[in-house]
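Q: The following block contains the structure, expressed as structure tokens.
Each reported figure results from applying straightforward, stated rules to the coordinates on display, with no laboratory input. Please read all numbers here as calculations on a predicted model, not as lab measurements. All Cβ positions, glycine included, derive from the backbone under ideal geometry; neighbour counts span all protein chains shown.
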Amino acid sequence: MRRDIFQAIADPTRRAIMILIAVQAMTPNAIADNFNTTRQSVSKHLRILTECELVKQEQQGREIYYSLQMEKLKQIDKWLDEFRKLWETRFNQLDDVLSTLKKQKK
Amino acid sequence: MNNNLLFDFTVDKTAKMVYITREFEAELSLVWDAFTKAELIDQWIAPKPMKAKTKYQDFRVGGKRFYAMISPEGQERWSIQRYTSITPKTNFKMYNAFADKDEKPELPGSEWDHTFSEQDEKTKVSITIYNESFERMEKLLDGFTKGMKMSLSNLENLLATLSQK
């Protein structure tokens, strides 16, 4: 199943996890210590974030460390930029419609 | 051409709100019509080469507009808008949701609020869009960029085929 990046960041716990590991890579246990929730629930959030490639895992000895993937976050900004451009295009088209209407009224 | 007209676009990711403000070089009644009359909306709402087609519109509180965005390949993406509040030439609100061709909505949709004001022979329109989820926000682009990207990749394929000859 393809995970949706926006769905991933829409969840407040997942956003909090991302902020936490933006500073330094952490193990799932260390992450779970920061939340009033079960280790399983944190694992589930980490799995979703990993599937969206918002975080990456790295094996260090016996532990797995999670860290934030900055490049992926930039995709969100890129999407918002596309949305902005869509509106720019629409409004420029509306300018043309309005100027035609103005001429018709005269 | 329209660089002197105000255009502001901001997104509040945590509040799931998009704020859009734009000025137009026209009197308020004209801009109001362009935003509220289907035959005019259809002329500008779809970024070319997409087209918009309104099947029916009933512009009153509780009334609906059922319309499609059509890609150059003829793919139709239907949506339904339900007007929730109308203050003539001042403000209107609506609930927008994607739908199938039989008007069955795909929930949740988004809440739209449009406010109009006129000053110095210009009309300012402020739009706010509230989405229950970012996933849904991303979908707002569906049918535009997907259609656009599709036609672009079709063009790329065509060019690749032609250049091989």
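Q: Residues of region B:23-45 being out of contact with any helix residue (DSSP H, G or I) (no Cβ under 8 Å at 6 or more places or on another chain) and either in a strand (DSSP E or B) or of a type in the set (A, V, I, L, M, F, W, C) (or both), which ones?
A: Initial filter on region B:23-45 (out of contact with any helix residue (DSSP H, G or I) (no Cβ under 8 Å at 6 or more places or on another chain)): B:23, B:27-29, B:32, B:36-39, B:42.
The answer is B:Glu23, B:Leu28, B:Trp32, B:Ala38.
Q: I've got another one for you. Determine, yes or no, whether A:Asp77 is over 30 Å from B:Trp32 (Cβ atoms), free of Cβ contacts under 8 Å to residues at least 60 places away in the same chain, exposed (fewer than 15 other Cβ atoms within 10 Å of the Cβ) and more than 11 Å from every other protein chain (Cβ to nearest Cβ).
A: Values: over 30 Å from B:Trp32 (Cβ atoms): yes; free of Cβ contacts under 8 Å to residues at least 60 places away in the same chain: yes; exposed (fewer than 15 other Cβ atoms within 10 Å of the Cβ): yes; more than 11 Å from every other protein chain (Cβ to nearest Cβ): no.
In short, no.
Q: Inspect all residues belonging to region A:43-52 and state whether any of them is in contact with a Phe, Trp or Tyr (Cβ under 9 Å, 6 or more places away or on another chain), more than 30 Å from B:Lys51 (Cβ to Cβ) and free of Cβ contacts under 8 Å to residues at least 24 places away in the same chain.
A: Yes: region A:43-52 contains one or more residues that are in contact with a Phe, Trp or Tyr (Cβ under 9 Å, 6 or more places away or on another chain), more than 30 Å from B:Lys51 (Cβ to Cβ) and free of Cβ contacts under 8 Å to residues at least 24 places away in the same chain.
Q: Examine region A:27-47 for a residue that is under 20 Å from the mean Cα position of the chain (by Cα), surrounded by 16 or more Cβ atoms within 10 Å (Cβ to Cβ) and within 25 Å of B:Asn131 (Cα to Cα), and state whether such a residue exists.
A: Looking through region A:27-47, at least one residue is under 20 Å from the mean Cα position of the chain (by Cα), surrounded by 16 or more Cβ atoms within 10 Å (Cβ to Cβ) and within 25 Å of B:Asn131 (Cα to Cα).
Q: Shifting gears a bit: Among the residues of region B:118-132, how many are surrounded by fewer than 16 Cβ atoms within 10 Å (Cβ to Cβ) and more than 14 Å from the chain's Cα centre (by Cα)?
A: Selection size over region B:118-132: 4.
Q: Could you please find all residues in region A:90-106 being touching a Phe, Trp or Tyr at 6+ places or on another chain (Cβ under 8 Å) and within 7 Å of chain B (Cβ to nearest Cβ)?
A: A:Arg90, A:Phe91, A:Gln93, A:Leu94, A:Asp95, A:Val97, A:Leu98
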